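The values are calculated or read from the model by the stated rules, or taken from the named source; none is laboratory data. What you see is a predicted model, and the numbers here were worked out from it, not measured in a lab. Don't worry about glycine lacking a Cβ; one is built from the backbone with ideal geometry, like all the others, and counts go over all protein chains shown.
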Amino acid sequence: MKNTELKSYMLILAILLFLYTGYQVITHQLFYNQLKADSITTWGEITARLVEQNPNHEAEIMKVLTSHAADSSIYQEKGREIFRQYGLDEDLESELFPLLNDHIAGHNQSVLWGLFILGFMLFGTGYWHYKMIFHKIRQLTSAAKKIIEGDYSVVINENKEGELAKLAAAFRSMKDIIRKSMQDLLEEKKFLGQMLQDISHQLKTPLSTISIYNEMMLNESLPRQQHVQLLQNNEVQISRMNVLIQNLLKVAKIDARAISFDKERADLVETVEEVVDRLASLISKHQLSIEWDTSKDVVVAHDKMWMQEAVLNLLKNAIEHSKPGGKVMIQVKDTPIYTELVIQDFGEGIESQELPHIFDRFYKASSSKKHDSVGIGLALAKAIIEAHNALIKVESEKNTYTKFTITFIKF
């Protein structure tokens, strides 16, 4: 029986039944002992009187009393006949036998008291048992009301086994789920508000610039060359806003877990090489060289498209902050425990106090020379890498180097 509450209640009922049975056995035994004692006293008196009048009949009288007489049936019938002459037979009311009547009345009273006590104990046990159950149910009801009102500090303790314990455990799980859901909703609300604030702030500058350029172009006295220049400037600002919006959408989807990464075991070096090919023109523009330190066939489970997005942002950042004519080093290290991808430039570097913030959205180092950056690329790269259950860290020294390390744990 798995229901502990029912099991305990049935055990209590069994104990009460056992006690009542014991009480009845003792009561009947006392009744029989008293009846036997009174019978001995009464028949002893009769025997004494008979023996006093007929001393020779003592042995015969004792045989009759112990049912050892050979002709008992004859004298039993004669005795019944004599009793009938005095009105004594089986149909006579027991009240005419005071001694016997007192014993029967006392025995009946004991039985009734036993039944009364048993009923009282059953009623008391049932009342106590169900009061305990309904008390716990009222606790759960009260706790549920508090949770509905937003109070998650309520504690429901049920250390015993049974259905109520299961209910309390389920209730605690429900409370934790609701609390976490509400916290997630509050965090999402806070994140949405911050995101909207950041987007508004980031779009404000290019929109203001476009608005100013448009007002200038409305001036008909401007030469065509300036009109073309203003249109080109607007195109740059529109492109900047487009990149910002696209990256923000990607970050938001990753944060909302709305993207299902299709992770397959593929060559990580090949994935990085394709990114380098896509950035060939930018590398050439900055007159940089790519220094490789890796071997082929370094297989890692990853979503190739999204991992290339992350590597693209890291490599682009390294290129744009390198000194003209410098180099960018790419290393891939494979061990039985982890695979490590390193992208290192030897350019501007980052101040030590700014390192903890470079993965924050819209953060730009105060010393950065790239004024058109919106500060979303590194945040996107970090979100993609962490979605692959990998780690990313950055090391840097001002005017010396910046090193990004991605670690894929194999276990």
>> Can you tell me which of (1) more than 30 Å from Tyr9 (Cβ to Cβ); (2) modelled with pLDDT under 75; (3) surrounded by 10 or more Cβ atoms within 10 Å (Cβ to Cβ) is the one Asp176 doesn't meet?
In response: (2)
>> Cβ-Cβ distance below 9 Å, separation of 6 or more or different chains: which pairs start in region 166-184 with a residue that is of a type in the set (Ser, Thr, Tyr) and end on one that is surrounded by fewer than 13 Cβ atoms within 10 Å (Cβ to Cβ) and assigned to a helix (DSSP H, G or I)?
In response: none
>> For region 388-411, give me the residue count where each residue is under 18 Å from Ala301 (Cβ atoms) and crowded, with 18+ Cβ neighbours inside 10 Å.
In response: 5
> When you go through (1) touching a helix residue (DSSP H, G or I) at 6+ places or on another chain (Cβ under 6 Å); (2) of a type in the set (Phe, Trp, Tyr); (3) farther than 26 Å from Thr66 by Cα one by one for Phe31, which number turns out not to apply?
Replying inline: (3)
>> Against the definition (of a type in the set (A, V, I, L, M, F, W, C) and either within 17 Å of His388 (Cβ to Cβ) or in contact with a strand residue (DSSP E or B) (Cβ under 8 Å, 6 or more places away or on another chain) (or both)), how does Ala301 come out, yes or no?
In response: yes
> Among all residue pairs at least 6 apart or on different chains, which show Cβ distances below 9 Å where the first residue, located in region 276-295, is small (Gly, Ala, Ser) and the second is surrounded by 11 or more Cβ atoms within 10 Å (Cβ to Cβ)?
Replying inline: Ser289/Ile283; Ser289/Gly326; Ser289/Lys327; Ser289/Val328; Ser295/Val269; Ser295/Val332; Ser295/Asp334
>> Where the second residue is at pLDDT 70 or above and of a type in the set (D, E, K, R) and the first is farther than 26 Å from Gln237 by Cβ and crowded, with 21+ Cβ neighbours inside 10 Å and lies in region 370-387, which pairs have Cβ atoms under 8 Å and are six or more apart or on separate chains?
In response: Ile384/Glu309
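One line per residue, one yes/no per condition, for (1) modelled with pLDDT of 90 or more; (2) not in a loop (DSSP other than H, G, I, E, B):
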residue	(1), (2)
Glu340	yes, yes
Gln353	no, yes
Tyr363	no, no
Asp372	no, no
Ile384	yes, yes
>> When you check Leu230 against the structure, is it touching a residue at least 60 places away in the same chain (Cβ under 8 Å), surrounded by 15 or more Cβ atoms within 10 Å (Cβ to Cβ) and either on the phi > 0 side of the Ramachandran plot or among the hydrophobic types (A, V, I, L, M, F, W, C) (or both), yes or no?
In response: no
